[in-house]
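Q: Sending over a structure as structure tokens; questions will come in a sec.
The values are calculated or read from the model by the stated rules, or taken from the named source; none is laboratory data. Source: prediction; values computed, not measured. As a convention, Cβ positions derive from the backbone with ideal geometry for all residues, glycine included, and neighbour counts pool all protein chains shown. Protein only, heavy atoms only, side chains kept; ligands, DNA and RNA dropped before computing areas. Shrake-Rupley method; radii C 1.70, N 1.55, O 1.52, S 1.80 Å.
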Amino acid sequence: EELTALLHDCPLRVPGGLDAGEGKVNVLIQAYISGTPLRASSLVSDQNFVAQSAGRITRGFFEIALSKGWIGLAVKALNLAKMLEQRLWATATPLRQVGGLNEGTYAKLEAARATRDALLDMSDAEAGALVGHPR
């Protein structure tokens with residue numbers, strides 16, 4: 001089944017697997033953030049519902065944690081809300097949102113932990129050397 005295949009592609013461990021309802025939600029959220037295309041229309045529908053709900057819930061967690069002064073939890077909730085909104089893992093390069101580069105180039109940028117500002121400050125030669133394509 002497609003959901004089982006998605007489970008194996010998840011970057012984060014799914015406690016309990018698909019035996020429980022929360023396992024399916026976990027897999028669908030990870031697939032949503034990763035941008036994994038789904039074939040089954042029922043999974044697409046479920047994923048859309050889960051993603052919309054998860055975004056509202058994490059923003060709610062953020063507001064509650066902030067009002068209670070729980071800064072550590074507030075930061076985690078905000079980071080998760082941003083990942084859901086941007087459909088981009090926090091460890092991924094922001095250039096993934098633009099697209100157009102091959103997977104190897106993205107992997108090199110993420111391995112170097114190159115931030116957007118650092119890339120803007122680099123010369124063409126430095127950026128090329130970073131991704132293995134010197135001019």
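Q: A51 fails exactly one of the following numbered conditions: (1) touching a residue at least 40 places away in the same chain (Cβ under 8 Å); (2) open to solvent by less than 40 Å² (accessible area, probe 1.4 Å); (3) not hydroxyl-bearing (S, T, Y). What is the number of that condition?
A: Every condition holds for A51 apart from (1).
Q: Looking at L73, L109, L130, which is the one that is open to solvent by 80 Å² or more (accessible area, probe 1.4 Å), over 29 Å from L3 (Cα atoms) and either in a helix (DSSP H, G or I) or without any contact (Cβ under 8 Å) to a residue 40 or more places away in the chain (or both)?
A: Criteria check complete, one pass: L73.
Q: Within the group S67, S42, which residue is in a helix (DSSP H, G or I), modelled with pLDDT of 90 or more and closer than 24 Å to E2 by Cα?
A: The match here is S42.
Q: Taking the conditions exactly as written (assigned to a helix (DSSP H, G or I), of a type in the set (S, T, N, Q) and open to solvent by less than 60 Å² (accessible area, probe 1.4 Å)), does T58 satisfy them or not? Working first, answer last.
A: Values: assigned to a helix (DSSP H, G or I): yes; of a type in the set (S, T, N, Q): yes; open to solvent by less than 60 Å² (accessible area, probe 1.4 Å): yes.
Yes: the conditions hold for T58.
Q: Got at least one residue in segment 18-33 being open to solvent by 20 Å² or more (accessible area, probe 1.4 Å) and under 23 Å from G99 (Cβ atoms)? Show your work before the answer.
A: The initial filter retains those residues of segment 18-33 that are open to solvent by 20 Å² or more (accessible area, probe 1.4 Å), namely 18-22, 24-26, 29, 32.
In the following step, the residues that additionally are under 23 Å from G99 (Cβ atoms) were identified as 29, 32.
Looking for residues that are open to solvent by 20 Å² or more (accessible area, probe 1.4 Å) and under 23 Å from G99 (Cβ atoms), one finds at least one in segment 18-33, hence yes.
Yes or no, residue by residue, for (1) touching a residue at least 60 places away in the same chain (Cβ under 8 Å); (2) more than 17 Å from W89 (Cα to Cα); (3) over 16 Å from the mean Cα position of the chain (by Cα):
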residue: P11; (1), (2), (3): yes, no, no
residue: E22; (1), (2), (3): no, yes, yes
residue: A31; (1), (2), (3): no, no, no
residue: T36; (1), (2), (3): no, no, no
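Q: While we're looking at this one, here's another question. Only one of R135, R87 is on the phi > 0 side of the Ramachandran plot, open to solvent by 50 Å² or more (accessible area, probe 1.4 Å) and either at pLDDT below 90 or not hydrophobic (A, V, I, L, M, F, W, C) (or both); which? First the steps, then the outcome.
A: On the way: R135 fails: on the phi > 0 side of the Ramachandran plot.
Checking each option against the conditions leaves just R87.
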